[in-house]
Amino acid sequence: MSDVVLSVQGLETAFSTRAGTFKAVDGVSFDVGRGEIVGLVGESGSGKSVTGYSILGLVEPPGRIVGGRVELDGENLLALAPEKMRRMRGARVAMVFQDPMMTLNPVLRIGTQMIAAVRAHDPVSKADARTRARDALGIVGIPSPEERLDAYPHQLSGGMRQRVAIATALLHRPAVIIADEPTTALDVSIQGQILAEVRRLADETGTAFVWITHDLAVVSSLADKVCVMYAGRIVERGPADDVIASPRHPYTAGLLASVPSLHEPGAPLPQVPGSAPPPLQRPEGCAFRPRCARASEACLADPPLATFDDARRAALCHHPIEPDAWTSFSTSTASRNAS
Amino acid sequence: MIGFLIQRLIQAIAVVFVMSLIVFVGVYAIGNPIDVLIDPAADQALREALIRQYGFDQPLPVQYVTFLGNMLTGDFGESFVYRLPVLDLILSRLPATLELALSAMLIATLVGIPLGIWAGYKPDSLSAKLIMGFSVLGFSVPTFWVGLLLIMVFAVELGWLPSGGRGPTQEVMGVDVSILTGEGLSHILLPAFNLALFKLGLLIRLARAGMVEVMSSDFVRFARAQGLPERQVVSLHVLKNIAIPIVTVFGLEFGSTLAFAVVTETIFNWPGMGKLIIDSIMLLDRPVMVAYLILVVILFVTINLVVDLTYGQLDPRIRTKGAA
Ligand SMILES: Nc1ncnc2c1ncn2[C@@H]1O[C@H](COP(=O)(O)OP(=O)(O)O)[C@@H](O)[C@H]1O
Ligand code: SF4
Ligand SMILES: [Mg+2]
């Protein structure tokens, strides 16, 4: 796992709107190892999708990448010419989107779409491309893949469609697949099947995943590492098990406290109080301050990155939670003890 | 599919039937053609004989049933003015109009759709704004005015192109065609462009609107995420998705161009159906008017049917519904 394939460093992506300019992604850094699954977690609007698009060079106006590096096997993707970047997309780094109803073209057969994806990078015959598409469908656990190639998207269930999307992303065995909430629109049992499939694929093929979700329960069952995003920044990162067992950032703690499956059954679910500020109204210093029980005067200044466990973990906070403080914290998120 | 076709065919026949009734009653209400037919100085006996000959003495329902019976055998009656079977008369004018309408549609399609696609692909570029400005002109400036302007500039001032008429024709499989010679082409260029202008504006807007919508869809983003070249993103993923509204408007416009090219045909003195119908209205040539309008209805119904069948080819979701 020490072998880093994708390294995002200080990524900044800004949007210029009529109301003003803001950074939807504001200095995001994280590393992804070969075959590793990294969960990227945060509330809606925290900048997860824009981070994904930025990595693939798919940010569209009024958005613009204004800083940082995205290194894939040491090569900075942000410095590549458009045509070179196109050859990377799908071949070395791929992406899957949230809504399986919309990510496949409704008027083209599955086979047509997948064959085009194969031939975008490899000049093979249609027959060979079709064989590869069929094999990819088999790999993600789609029954009778040959027939599915002739189907139109509307003839498949949501879960099947998302598997088709994942199979398409896998066609060229990319080093990394960015998966943007791919199971959010699916029901829980289908989601479970796909998560198990993805875990197996990562282990067998060595493809790494950046799994974007707003659901920490998904991360706990799937990811090796987790990055928690808030208002365009990564506020906490570390091994998934450790972060979930003992969060250091108050926001992570709040998120965890509101996940049902990580809780005593029947216990009331506390929510993180308040809601995320609109990007143009982020407070100075720590953006989480208005919602934070531990906030102090110090939090008016930009929080420092505190590292723990030999830098395997980090939290962007003036007052990170001490490891032993978590138990009392989790039983009552509303505990307002500041020190 | 067969069930769908039969259903549509029955609908089509019903529409034609209802329209024939409306047209017949409507034209009947316009006025008595006998005054046009007969020398005002003719005596009463001759007058009455003629009225009986044409069946004008019968009550309206009887006249209609007779007309309907004849129509079903392909007999639309005889023109009061030309003394020729109406159907022959109309069909003899059809090739000229068909040629003009097809040329206009061809220009509008080949120019309008690529321009619209480009304008939708780069909506903020200067070229896109110029194209959109042109399209607004295309469907807001009156056809007759553009026609006159074209004649003024290219026929009168520059003298490059003839100002009217169809030029020489060749017979190809029993149909007169003029576009096979340079001279024929030079005759059709101005009227075809004049007729195309409105459609051109319309198709540009439609193609652009579809393009803007489809380009922002998730499947286009997904296609890009797979590394498809832009050219293929557009040709494979976008074109088929924007085709449905374009085909619809294409069909309707083709129908109305065939039926109502009147203004352009008049300005350019084009010997097509448009001139025939205008003349027949002026002279109250009832059989020609009725037959023409009914043929127009049949034309529209047929084009709509073809358009509906095309939908199924373009969108598999419609196909399944149609089959069910
Ligand atoms: N095309 C766009 N134009 C303007 N703002 C955008 C655009 N796309 C995203 N944003 C803004 O960027 C921020 C992050 O969005 P996003 O990455 O989609 O959040 P997430 O995926 O975490 O829910 C949001 O505030 C969103 O409003
Ligand atoms: S920096 Fe302050 S306000 Fe922000 S999360 Fe830490 S304690 Fe709360
Ligand atoms: Mg998102």
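Here, each number is a calculation from the coordinates, and none is a lab measurement. Predicted model, so just to flag it, every value in this text is computed and none were measured. FYI the Cβ positions are ideal-geometry reconstructions off the backbone, even for glycines, and counts take in every protein chain you see.
Just a few scattered comments:
- FRET E, pair A:Asp128, A:Lys84, Förster distance 35 Å, beta-carbon r, rounded to 0.05: 0.90
- When A:Arg237, B:Arg83, B:Arg52, B:Arg93 are arranged by Cβ crowding within 10 Å, least crowded first, meaning fewest neighbours, the order is B:Arg83, B:Arg52, B:Arg93, A:Arg237.
- Stretch gain in nm, segment A:Val66-A:Val188, where the contour uses 0.36 nm per residue and the Cα spacing is subtracted: 40.1 nm
- Every helix of 4 or more DSSP H residues in the protein assembly as shown counts as -39500 (n - 2.57), and over all residues that averages to -16000 deg cm²/dmol at 222 nm.
- Where labels lie 7 Å past Cα in the beta-carbon direction, separation of B:Val65 and A:Ala306 in nm: 10.0
- For peptides A:72-85, B:189-202, A:34-47, sequence by mean Cβ density within 10 Å, most packed first: B:189-202, A:34-47, A:72-85
- Once both labels are positioned 7 Å from their Cα atoms along Cα-to-Cβ, the gap between A:Asp241 and B:Lys122 label points is 5.5 nm.
- With both labels modelled 7 Å from their Cα along Cα-to-Cβ, the A:Ser157 to B:Phe17 distance reads 4.8 nm.
- Listed from fewest to most Cβ neighbours within 10 Å, the set B:Thr143, A:Thr183, A:Thr21 follows the order A:Thr21, B:Thr143, A:Thr183.
- Equivalent ellipsoid, chain A (semi-axes from 5 times Cα gyration tensor eigenvalues, Å): 36, 23, 18
- Per residue of peptide A:84-92, the mean number of Cβ atoms on other chains within 10 Å of the residue Cβ is 3.
- Three-way shape label, chain B, alpha-carbon gyration tensor, a/c 1.5: oblate
- Dipole size of the stretch B:97-212 about its Cα centre, with +1 on Lys/Arg Cβ and -1 on Asp/Glu Cβ: approximately 560 debye, rounded to the nearest 20.
- Compactness of the protein assembly as shown is given as radius of gyration and Dmax, 35.2, 121 Å, from Cα positions.
- Take each residue of peptide A:53-61, count the partner chain Cβ atoms within 10 Å of its Cβ, and average: the result is 2.
- Cα gyration tensor shape of the stretch B:17-137, rounded if a/c is under 1.5, else prolate or oblate by comparing a/b with b/c: prolate
- B:Met152/B:Leu102 FRET efficiency (R0 22 Å; Cβ-Cβ; nearest 0.05): 0.25
- Across the stretch B:132-191, counting alpha-carbon atoms alone, Rg and Dmax equal 14.3, 43 Å.
- Positive-end residue of A:Leu316, B:Ser140, B:Thr310, charge dipole of the protein assembly as shown with Cβ unit charges: A:Leu316
- The stretch between B:Gln7 and B:Ala42 holds 7.3 nm of extra length on full extension. This uses 0.36 nm per residue minus the Cα-Cα distance.
- In this structure, A:Asp203 and A:Asp324 have a Cβ-Cβ separation that, at R0 = 41 Å, corresponds to a calculated FRET efficiency of about 0.75.
- Using alpha-carbon coordinates, inclination of helix B:286-314 to the longest axis of chain B, degrees: 20
- Convex hull of alpha carbon positions in the stretch A:1-147: directionally averaged projected area 11.1 nm².
- Simple rule: put +1 on each Lys or Arg Cβ and -1 on each Asp or Glu Cβ in the stretch B:86-282, find the dipole, and look at B:Gly159, B:Ala259, B:Phe198; the Cα lying farthest toward the positive end is B:Phe198.
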